[in-house]
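K.L.:
Pasting a structure below so you can have a look.
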Amino acid sequence: MDRSLKGYDLALLFAALSDRTRLRLLNLMDGREVCVCYFVEILGQSQPKISRHLAYLRRARIVAARRDGKWIHYKIAVPPNSGAARILRETLLTLRQDRGMQADLARLNRACCVPQRIYQLESAPLPARVDALNN
């Protein structure tokens, strides 16, 4: 059985979406670009663990990274395959309805309002809005 769909590894996409931590990361990036330090703070996990999950999402080609000095910002990337893009879009819509995911977003919003109070976020760039996935 061919695991790819016109050059896109659909099995890798589903594997990337099969982990709760990776879903939480995607939820936090939905419509915004986020510095890795916020993921560490909001998810309460170590930076190396978060970075491994982000690398997995990048391999699945659903997350892109941008370096700005010492900061690395992550955002959702539209998969190059239209079917994969639909799957990701529907996943993000479903995550918006989950109470745990909503709680993560509330923590992110609070952290963005007072980053100077959280040591790890002191001087960290605030998450920036980005274009949502195309419908």
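K.L.:
Take the range 62-80 and flag every residue that is within 23 Å of Leu17 (Cβ to Cβ) and either hydrophobic (A, V, I, L, M, F, W, C) or touching a Ser or Thr at 6+ places or on another chain (Cβ under 7 Å) (or both).
P.N.:
Those that are within 23 Å of Leu17 (Cβ to Cβ) and either hydrophobic (A, V, I, L, M, F, W, C) or touching a Ser or Thr at 6+ places or on another chain (Cβ under 7 Å) (or both): Ile62, Val63, Ala64, Ala65, Ile72, Ile76, Ala77, Val78.
K.L.:
Can I ask one more? Need the failing condition index for Arg22 against (1) within 21 Å of Arg86 (Cβ to Cβ); (2) in contact with a His (Cβ under 9 Å, 6 or more places away or on another chain); (3) not in a helix (DSSP H, G or I), just the number.
P.N.:
Arg22 satisfies every listed condition except (3).
For (1) touching a Leu at 6+ places or on another chain (Cβ under 8 Å); (2) modelled with pLDDT under 95; (3) within 30 Å of Asp9 (Cβ to Cβ), each residue gets a yes or a no:
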site: Leu43; (1), (2), (3): yes, no, yes
site: Ala65; (1), (2), (3): yes, no, yes
site: Thr94; (1), (2), (3): no, no, yes
site: Arg107; (1), (2), (3): no, yes, no
site: Cys112; (1), (2), (3): yes, yes, no
site: Gln116; (1), (2), (3): no, yes, no
site: Tyr119; (1), (2), (3): no, yes, no
site: Val130; (1), (2), (3): no, yes, yes
site: Asn134; (1), (2), (3): no, yes, yes
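K.L.:
Output the residue which, of all residues in the range 57-83 that are hydrophobic (A, V, I, L, M, F, W, C) and out of contact with any Lys or Arg (no Cβ under 8 Å at 6 or more places or on another chain), is farthest from Val34 (Cα to Cα).
P.N.:
Checked the range 57-83; the qualifying residue farthest from Val34 (Cα to Cα) is Ala60.
K.L.:
Being more than 19 Å from Gln102 (Cα to Cα) and either without any contact (Cβ under 8 Å) to a residue 24 or more places away in the chain or more than 12 Å from the chain's Cα centre (by Cα) (or both) is the filter here; which residues of the range 38-58 pass it?
P.N.:
Selection gives Ser46, Gln47, Pro48, Lys49, Ser51, Arg52, Ala55, Arg58.
K.L.:
For the list (1) in contact with a strand residue (DSSP E or B) (Cβ under 8 Å, 6 or more places away or on another chain); (2) at pLDDT 95 or above; (3) surrounded by fewer than 19 Cβ atoms within 10 Å (Cβ to Cβ); (4) not aromatic (Phe, Trp, Tyr), I need the number of the one condition that Leu57 fails.
P.N.:
Failing condition for Leu57: (3).
K.L.:
I'd like the residue in the range 67-84 that is part of a strand (DSSP E or B) and at pLDDT below 95 and, out of all such residues, is farthest from the chain's Cα centre (by Cα).
P.N.:
That would be Asp68.
The values are calculated or read from the model by the stated rules, or taken from the named source; none is laboratory data. Computed from a predicted structure; not experimentally measured. Counting neighbours? That spans all protein chains shown, and the Cβs are built from the backbone with ideal geometry, glycine included.
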